[in-house]
1. Could you go through region 96-110 in sequence order and give the Karplus-derived ³J(HN,Hα) for each residue, using 6.51 cos²θ - 1.76 cosθ + 1.60 with θ = phi - 60°, rounded to whole Hz, and x for Gly and Pro?
2. For region 112-222, take the alpha-carbon Rg, divide it by the Kirkwood Rh, and send me Rg/Rh.
3. Given H placed 1.01 Å from N in the peptide plane, which residues other than close sequence neighbours of ILE459 have an amide H under 5 Å from its amide H?
4. So if I take the alpha carbon set of region 356-437, get Rg, then get Rh from the Kirkwood formula, what is the Rg over Rh ratio?
5. How do ARG467, ARG341 rank by accessible surface area computed with a 1.4 Å probe, from largest to smallest?
6. Between THR473 and TYR600, how high is the FRET efficiency from 1/(1 + (r/R0)^6) when r is the Cβ-Cβ distance and R₀ = 45 Å? Nearest 0.05.
7. Quick one: 3J(HN,Hα) in Hz for region 133-148, Karplus 6.51/-1.76/1.60 with θ = phi - 60°, rounded, Gly and Pro as x.
8. Quick one: compute the contact order of the chain, relative version, from alpha carbon pairs under 8 angstrom and 6+ residues apart, as a percent.
Amino acid sequence: MDKNKYYTGIDYFRLIAALLIIAIHTSPLGKISDIGNFILTRVVARVAVPFFFTASGFFMLSRYDYMGKRLMKFEKRMAVLYGISILIYLPVNLINGYFRQDNLIPNLIRDILFDGTMYHLWYFPAAMVGGALALCLIRQFDYKGAFVIAGLLYFIGLFGDSYYGMTGAFMGIYKYIFQMCSYARNGIFFAPVFFVLGGFLAEQGCSLSAGKCVVGFFTSLMLMLFEALTLHGLNVQRHDSMYMFLVPCIYFLFYFLMHVQGKKIVWLKSASLIIYIIHPMIIAVLSTVSGLSGNLGVLADNFLVNFVVVSALSVLFGVLSAAAVEKSGMVKKKSPDYTDRSYVEINLDYLEHNVNVLKHAMGQECELMAVVKDEAYGHGGYEISTCLDKIGVRAYAVATIDEGIKLRKYGIRGEILILGYTMVERARELKRYNLTQTLISPEYADALNGQKIHVNAHIKIDTGMHRLGYDKTAAGAGRKAFHMKYIKVDGIFTHLCCADSARKEDIRFTHGQINGFYKLINELKRSGIAVPKIHIQSSYGLFNYSWIKCDYVRTGVALYGVKSQPRDSTKLKLDLQPVLSLKSRIILIRKLKQGDFAGYGRSFVVEKDSIIAIVPVGYGDGIPRSLSNGVGAVLINGQTAPVIGRICMDSLMVDITHIKNVLVGDMVTLISNESDTVGAADMAKKTGSISNELLCRIGARVPVIVAEKNWQ
Ligand SMILES: *Cc1c(COP(=O)(O)O)cnc(C)c1O
């Protein structure tokens, strides 16, 4: 699904689907042709409800639904609408004697959970249960697995619905099921498969042409018709909501509707839902009215007239009330993006571009391992890693186990390597979240193995940096790790500590590291060990030693499109784009007189009358305090404005005397992904650091927003 497009086709079909549902409840062809009416209301119109489920899945389900936030929003909306609908139909229930039935309480519970307190309200519990079930399945088994399981549930449901007469020996089980719910078309057997389908189509986008979709749809519809008529003829149907060929029907129909894009029609969605909720009420009212007066009998007695009048009144009511709701402002408008303080803006097109450039530089045999430690170098761990997952990156590196667990909760697939130390007592979590632990020393490996929990690991070799890892001469200890009962060694790696340097001694040292590593690998091979995946380079290792051929390159800073230092010259010159900008807005402009002071410690003295702007970003947001008093600068209207006074925790001041037409609310760029003067590397250099540190320090309170694509 593309957030920037409006799926007008899907919205239009909501209205058609609502009318089809009215047809189911009014049998427009009832007096004209039995078979015609069966085909219209028991076959064709059966696409309507699954279509609604699929649409909900399309817009709501996502494998990246962190903490189920989107799902909860959906559930809340459905629960509120369900509650309102129950209340609306209370008078009808009263008149119909609903509350005088035997076993009222168990029946009431059953109706609220499954069947609905009115014949059409089963939709809401089915949507709530089906949506939740679908998300669980997708998170656990991915789309294919989820589809298989939801499909299996649907298959079971079929035999409680239109294939009931063929259940044979299993009839008893279904009888048991039907004590809890009256139909199989509910949130367990019916809805999940369509939700999963919707989520799947949202992730896949359109690759089938509109023409093929039409052919697919009509073929499936014909097959469904054949299926339905056969089952009808055999007299095996208990109900007629579920058919085998309904699933492909919906698949092709929805696929086709995805092609139809255009202007958004805001009221269609609410209107169709209101029509769905209200039409049985209109049916009931019409039948009462026609009973009162003989002249009006035609309104209820002539099925076709009944259908037309119910439809017209429902649509009128739906459209008017949707418009009223829209006008009243009851529906919350989307809150504006974070513009009141400072924010990180990331460009995911550039991230994708960088991935492609880096993959190309690595060659076919090597896989990109995305290093996303420390909130993806301050870029926002969720936004970056889910984008990488979407574009097919399947190997990640983090610094801590908690970062790894977070990635899994975001819905990230593939291998996740923890580069740092994890308490061995947390081995169970390593296993549970399928994380790969780095063995930082032989002693550590022993301790981890001693936990008696199966975990995957990569061995780290220290080839001269003397930080983490087995000594490069410790082939014996390395060999031992491969034979540990509870540890499965999937990889072995080292880290170069001066791959960024062009100095002769550093280059010699790096070659020493590389040779030392391969010597150990060869020793392991000679002793009969099947050497697993190996990796050496990080970003600068790739830039300067691209000839090393490994299974992975661990790219961190390169992925984000910045160099550690502004004028680092590298052997490989790659066209990488900085992903991050740090932006803020002017909240106050003031005039200062010569001799005034500004900021803490009165460290800035105004030399001539000046205009200054206050920007709500400070060292608490990651702006180094050492950029105070003219060391740092920002961009306003394309011009640089120097920082004056000391940078505060939450704000800083800049001199804008020389810039024309600056207003409160104007954008301030603190780190630019376009201009070198306030680029991350230049800014880092001024503070005596590298861009890696600067980016990581961008504070946790700075929200990350994703730059909208430029559609021109
Ligand atoms: C952080 C880290 C990386 C990534 O380094 P970049 O220079 O940002 O590419 C690679 N390997 C290890 C072991 C790391 O700790």
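The values are calculated or read from the model by the stated rules, or taken from the named source; none is laboratory data. What you see is a predicted model, and the numbers here were worked out from it, not measured in a lab. Quick reminder, even Gly has a Cβ in these numbers, built from the backbone with ideal geometry, and neighbours come from all protein chains shown. Please note that ligands, DNA and RNA were not included when accessible areas were found on the heavy atoms of the full protein model with its side chains. Shrake-Rupley method; radii C 1.70, N 1.55, O 1.52, S 1.80 Å.
1. Each residue of region 96-110 in turn: 6, x, 3, 7, 9, 6, 5, 6, 4, 4, x, 5, 5, 4, 4 Hz.
2. Details: Rg = 15.8 Å, Rh = 15.3 Å.
Rg/Rh for region 112-222 comes to 1.03.
3. HN-HN under 5 Å from ILE459: LEU439, GLY491, ILE492, PHE493.
4. Working: Rg = 12.7 Å, Rh = 13.0 Å.
In region 356-437, Rg relative to Rh is 0.98.
5. On the way: ARG467 140, ARG341 65 Å².
Largest accessible area first, the residues go ARG467, ARG341.
6. Numbers: r = 54 Å, r/R0 = 1.20.
FRET efficiency, THR473 to TYR600: 0.25.
7. 4, 4, 5, 4, 5, 5, 5, 7, 10, 6, 5, 4, x, 4, 5, 4
8. Details: 1272 pairs, mean separation 80.5, N = 712.
The normalised contact order for the chain reaches 11 percent.
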